[in-house]
Amino acid sequence: MIVSDKVIIDLTDNFAQVGEPIEYSCVCDLDDGLLPYPNASLAKTEVRLNVTFVKPNVQAEGTIVCLIKGFCDRCLKETVRSVELPFNQTFYKDSAPDEDGYVYSGSRLDATKAVCDEIVVSLPMSFLCKPDCKGLCPKCGVDLNERQCDCDTDRENVFAALKNLKF
Ligand SMILES: [Zn+2]
Ligand SMILES: [Zn+2]
């Protein structure tokens, strides 16, 4: 299977069925640079949309599923996660009413930029192996999800220790 780096929707069927949603789906390989995570990459992106021709514009609504592979931001454990983002956009014929609007012309709708923008805006800021990952101890490096260490990493105690330093 050829995996494209673009999301291209052929509107031929939509033009024949005004007002009727038509299912569209594709798997694509988008730029890893979209991710805010230093240690993870975008393995694949699946786009599932209902595309409706609401003369003269096109409405696309559905989900973007990002498969992300890499290492947890906190504990560095190898992590694979599938993140679903809702998508709902209008594509204006030939020109948009404002500069943030997306456009299409002819029977070929290129939704790549709209999908990429949604990923950039909607992904959570951290890539975690689980929502409550406790991370690594900053002193001894033990994985705090697996066991507790005896290190004293309490903030107040760190400040107390600083106070007691003699110069
Ligand atoms: Zn983790
Ligand atoms: Zn420790």
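The values are calculated or read from the model by the stated rules, or taken from the named source; none is laboratory data. Everything numeric here is computed off the predicted structure, so don't read it as measured data. Neighbour counts are summed over all protein chains in view; Cβ atoms, including those assigned to glycine, are modelled from backbone coordinates with ideal geometry.
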Of all residues in region 142-156 being modelled with pLDDT of 90 or more and exposed (fewer than 11 other Cβ atoms within 10 Å of the Cβ), the one that is nearest to ligand 1 (Cβ to nearest atom) = Glu146
ask   = Taking Val18, is it within 28 Å of Lys55 (Cα to Cα) and touching a helix residue (DSSP H, G or I) at 6+ places or on another chain (Cβ under 6 Å)?
value = no
task = Could you tell me whether any residue of region 10-17 is modelled with pLDDT of 95 or more and closer than 12 Å to Gln59 by Cα?
result = yes
Filter result for the condition that a residue is within 16 Å of ligand 1 (Cβ to nearest atom) and modelled with pLDDT of 95 or more, over Val115, Val103, Val83 = Val83
inquiry  = Condition first: touching a strand residue (DSSP E or B) at 6+ places or on another chain (Cβ under 6 Å), assigned to a strand (DSSP E or B) and without any contact (Cβ under 8 Å) to a residue 24 or more places away in the chain. Now tell me which residues in region 87-120 satisfy that.
reply    = Tyr102, Val103
ask   = Restricting attention to region 118-133, which residues are away from ligand 1 (no atom under 16 Å from the Cβ) and either surrounded by 17 or more Cβ atoms within 10 Å (Cβ to Cβ) or more than 9 Å from the chain's Cα centre (by Cα) (or both)?
value = Glu118, Ile119, Leu123
query = Which residue, of Ala160, Ala96, is modelled with pLDDT under 95, within 30 Å of Thr12 (Cα to Cα) and more than 16 Å from ligand 1 (Cβ to nearest atom)?
reply = Ala96
query = Which is surrounded by 12 or more Cβ atoms within 10 Å (Cβ to Cβ) and in the same structural domain as Ala40 (by TED's automatic domain parsing), of Asp94, Asp110, Asp100?
reply = Asp110
key: Odd one out for Pro38, checked against (1) part of a strand (DSSP E or B); (2) out of contact with any Ser or Thr (no Cβ under 8 Å at 6 or more places or on another chain); (3) within 16 Å of ligand 1 (Cβ to nearest atom)   = (1)
task = Could you list, in sequence order, all residues of region 6-43 that are touching a residue at least 60 places away in the same chain (Cβ under 8 Å) and of a type in the set (Asp, Glu)?
result = Asp10, Asp31
